[in-house]
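Visitor: One structure is given below, represented as structure tokens, and several questions about it will come after.
The values are calculated or read from the model by the stated rules, or taken from the named source; none is laboratory data. None of the values given here were measured: they were computed from a predicted structure. Here Cβ is always computed from backbone atoms with ideal geometry, including for glycine, and neighbour counts include all displayed protein chains. Surface accessibility is based on the protein's heavy atoms, side chains included, excluding ligands, DNA and RNA. Shrake-Rupley method; radii C 1.70, N 1.55, O 1.52, S 1.80 Å.
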Amino acid sequence: MWSRGAGQRGPPSALGRVAGAPARRNPGSRRRHPRNSRIPAILPVVLHHSDTGWNAAVAFQELIDVPPGTLALIAEHVPHFRFVLDDISAETDEALRARAMTALGRLVLWCFRHARRPEELVARLSGWYDLVREVRRAPGGGAALARVWRYILNIADPAQPRELLQRLLAAAGPEAEEEIVTIADYLREQGRQAGEREGRQAGEREGRQAGEREGRLEGQRSTLLKQLRLRFGELPEPVVTRVRAADAAQIEGWIERVITSPTLEDVLTER
């Protein structure tokens, strides 16, 4: 199954992956049966959720750029398949709850359905408390729910994160408190480390840029001193010190006057 979320306008790339899936998804089958030239049957299913819903092709032949009459003539010579599209973009909570699948599967689909609005997702979670308890009672349910809480906290970017966390704790029930708090602490630590890395990288970039600017300025100072010596002879030490300490704007003005000014003093006179 392929899951296509908001902003992932799959086709034709999604169809391309579906078309090549048998060869890529079954390396074990090829190793076990190296002489078998046939591939196992695969039913491609695409799960999609977005604000607008799926609005593109679901059949490979719909992508072929030929007139309909021509396509009918060559149909038996080109790939012909379609995938099963499960578009939950407009699915109601009641319809998702009624699906014939595991409690975890229904809970995950519900999270996908409301993922673009994390605060709304958390607000609705209390209505799914019975399903959350059913997931927890299943083998491995606690670990599965921990992944659900991590998903919710990962996608959430609310203006008031503490308030959202408290709402999630209230909606998920007391059994989930330790899991959610542990995940929240982990995500905060990850965010802090990411912020530190970004800060170091930004500092390094600024340091390199400052070094490059200073290097260019030092080169301009040396060039100006050479021009002054060629024009006026050996320079007094105070002049050399002054040039070495000058900023870019001063150096630029002095370079412009070094050819036309009659004296060294005239070159260095501030205008």
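Visitor: Name the long-range amide H neighbours of His48: under 5 Å, sequence gap of 5 or more, or other chain; modelled H, no Pro or chain starts.
Guide: It is Arg4, Asp86, Asp87, Ile88, by chain and number.
Visitor: Okay, moving on. Using a basic spin-label model with each label point 7 Å from the Cα along Cα→Cβ, how many nm lie between Arg99 and Leu235?
Guide: My value for the distance between the label points is 7.6 nm.
Visitor: Roughly how many Å² of Ser89 are accessible to a 1.4 Å probe, to the nearest 10?
Guide: About 20 Å², rounded to the nearest 10.
Visitor: What residues of the stretch 218-241 lie in the reach of a label at Leu264, counting those whose backbone N is under 18 Å from a point 7 Å from the Cα along Cα→Cβ?
Guide: 221-241
Visitor: Students sometimes get this wrong: rank Ile39, Ile152, Ile255 by accessible area, probe 1.4 Å, all chains present, largest first. Show your work: numbers first, answer last.
Guide: On the way: Ile39 110, Ile152 0, Ile255 55 Å².
Ranked from most to least accessible, the order is Ile39, Ile255, Ile152.
Visitor: Taking 0.36 nm per intervening residue step and subtracting the Cα-Cα distance, what contour gain separates Gln61 from Leu43 on full extension?
Guide: Values: separation 18, 0.36 × 18 = 6.48 nm, distance 1.71 nm.
That works out to 4.8 nm of additional length.
Visitor: If you stretched the chain out fully between Arg242 and Arg205, how much longer would it get, using 0.36 nm times the residue separation minus the C-alpha to C-alpha distance? Before the final figure, lay out the partial values.
Guide: On the way: separation 37, 0.36 × 37 = 13.32 nm, distance 2.97 nm.
Extra length from Arg242 to Arg205 when fully extended: 10.4 nm.
Visitor: Any idea how far apart Arg213 and Glu198 come out in nm if each label point goes 7 Å out from Cα toward Cβ?
Guide: Roughly 2.3 nm, to one decimal.
Visitor: Let me cross-check Thr102: its accessible surface, 1.4 Å probe, with only protein heavy atoms counted, in Å² to the nearest 10?
Guide: Ignoring ligands and nucleic acids, Thr102 comes out at about 90 Å².
Visitor: Under a 1.4 angstrom probe, counting protein chains only, how are Arg116, Arg38, Arg257 ranked by accessible area, largest first? Before the final figure, lay out each step's value.
Guide: On the way: Arg116 65, Arg38 195, Arg257 40 Å².
My answer, sorted largest first, is Arg38, Arg116, Arg257.
Visitor: Students sometimes get this wrong: rank Ser261, Ser222 by accessible area, probe 1.4 Å, all chains present, largest first. Intermediate values should be presented prior to the final figure.
Guide: Working: Ser261 5, Ser222 50 Å².
Output order, biggest surface exposure first: Ser222, Ser261.
Visitor: With a 1.4 Å probe and all protein chains kept in place, how much accessible area does Phe232 have, in Å² rounded to the nearest 10?
Guide: Surface accessible to solvent at Phe232 totals approximately 60 Å².
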